[in-house]
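K.L.:
Input: one structure, supplied below.
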């Protein structure tokens, strides 16, 4: 099992998508194609609703990165402003300038200077043409040189357009007064310092040339995503990594620069240009190693279910299942069969959202129950050979109590996942993705599955070490044939611990060997269970002859 996400191969739907939709084979659903309000979608493009506008405001966000490292980014601001003014003057943009703000980030955000240029065009023009023009102008000036002082050497800088806004307005969407504007790094959320500003509004509020600068009638972001048709991707559906002014679709193995995507304020979704999305989808090829792992996982799970079934039948027919140890083995085998079966067939419930969510809960519950039951069985042996008080209860009562504890622990982690997801999503998610039939949030997979499993494995190891140390000096137990059951529990718990250890390593160390070992050990636990418990009972099951066992050991250990 993948601790981050259970990969499911989507079942292709035959449903025909609408004209403004496109079918996503990875997500197995139709995705809406959207355009900004000034545009309408047709012929795989966003065309302006109104070809010409009388006035419109534009916002251009830039980052300037010097090639040499310096702790004082503010020394680059004056020469960079001069460079930007020259670019605008040479391309007839100076007459549209409202404000140019130079921003300094906190030290942890990196070595760059941000600039926000606000323009206002107060005559009849095409919004689409203007955005395209500004993009072309600054794309041709990506690299240049500046001189901080007459004595200083030339410094090379790179100028890049970013598609995310560096500022958050106050109560008014378009704030006239600079003092009420809060500048924020859209990637980290850290507040930025306004170092200097060219403000054409000061003293010119009534001038016809600048009367539209502070109005909120229209505002267009100068970025490719503003002009292109877009697909919305949600964190509940795919794994997104938004950082360093880029976005990566982990499941699509594709990354895009900031000018091609729009991030929503809630940080739960982004809109990506359709052309980049289609390119990522066409390049998303099925890896041969992934196919091999799927076939290996299916084979191991099938053999595990077969081994668990043989163990259950052998122990049940051998007439020794009146002992609590054998009952524990039978229940463990049953849990293993359920876990393997539910996990294998969960992908067939992708056609229904509610069924898929329910199956996701069952997958979560069944795998936790296997590990928890192993720990509870280990504790019973640990309790027998240590100073822990052994409660005098009937076998049936002890089994029922252990089952209730197992169910309670598993349901607790499921409830935590549901509650946290419901609160974080404002009631939109129950914590299980209808696209994977498993836990939707990778962080909650860590806290409600991976860490509990790791903790239980560590506790099991501790209890077995203590138990083995306690029984090593007892001659009666050492010579007893039932010592084989104790050593079998130890071997099976060791194998279980190794399986999850390889699973943890495969997530942090990208080595295929750990994934293969995790699949073999975890998927083959039913076979190991049969070798540990069922194989020794097979001759007894066939001959129907029960050997005499130590009465003192039976009373002290299993009753």
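K.L.:
Identify the residue in the range 100-154 that is assigned to a helix (DSSP H, G or I) and out of contact with any strand residue (DSSP E or B) (no Cβ under 8 Å at 6 or more places or on another chain) and, among all such residues, is nearest to residue 80 (Cα to Cα). Break it down into steps so the answer makes sense when it comes.
P.N.:
If we filter the range 100-154 for residues that are assigned to a helix (DSSP H, G or I), which is where we start, we get 107-109, 127-139.
Going one step further and asking which of them are out of contact with any strand residue (DSSP E or B) (no Cβ under 8 Å at 6 or more places or on another chain), we end up with 107-109, 129, 132-133, 136-137.
Working: 107: 20, 108: 22, 109: 20, 129: 26, 132: 23, 133: 21, 136: 19, 137: 16 Å.
Among them, the one singled out is 137.
K.L.:
What do you reckon, is residue 301 surrounded by 19 or more Cβ atoms within 10 Å (Cβ to Cβ), under 37 Å from the mean Cα position of the chain (by Cα) and farther than 26 Å from residue 379 by Cβ? Give the steps one after another, and end with the answer.
P.N.:
Working: surrounded by 19 or more Cβ atoms within 10 Å (Cβ to Cβ): yes; under 37 Å from the mean Cα position of the chain (by Cα): yes; farther than 26 Å from residue 379 by Cβ: yes.
Yes; evaluated as a whole, the condition is true for this residue.
K.L.:
Could you identify the single residue in 93, 84, 60 that is farther than 30 Å from residue 40 by Cα and surrounded by 21 or more Cβ atoms within 10 Å (Cβ to Cβ)?
P.N.:
84
K.L.:
Still on this structure, I have one more. Can you give me the number of residues within the range 205-235 that are modelled with pLDDT under 85 and touching a helix residue (DSSP H, G or I) at 6+ places or on another chain (Cβ under 9 Å)?
P.N.:
Of the residues in the range 205-235, 2 are modelled with pLDDT under 85 and touching a helix residue (DSSP H, G or I) at 6+ places or on another chain (Cβ under 9 Å).
K.L.:
Restricting attention to the range 330-338, does a residue exist that is farther than 12 Å from residue 526 by Cβ, more than 23 Å from the chain's Cα centre (by Cα) and either buried (at least 22 other Cβ atoms within 10 Å of the Cβ) or free of Cβ contacts under 8 Å to residues at least 60 places away in the same chain (or both)?
P.N.:
yes
K.L.:
Here's something else I'd like to know. So is residue 434 under 28 Å from residue 331 (Cα atoms) and either crowded, with 16+ Cβ neighbours inside 10 Å or modelled with pLDDT under 85 (or both) or not?
P.N.:
So residue 434 fails the test.
K.L.:
Still on this structure, I have one more. Being in contact with a strand residue (DSSP E or B) (Cβ under 8 Å, 6 or more places away or on another chain) and surrounded by 20 or more Cβ atoms within 10 Å (Cβ to Cβ) narrows it down to one of 46, 30, so name that one.
P.N.:
None of the others qualify; the one that does is 46.
The values are calculated or read from the model by the stated rules, or taken from the named source; none is laboratory data. Just so it is clear, the structure is predicted and the values come from calculations on it, not from any experiment. When we count neighbours, we look across all protein chains shown, and the Cβ atoms used for this are built from the backbone with ideal geometry, even at glycine.
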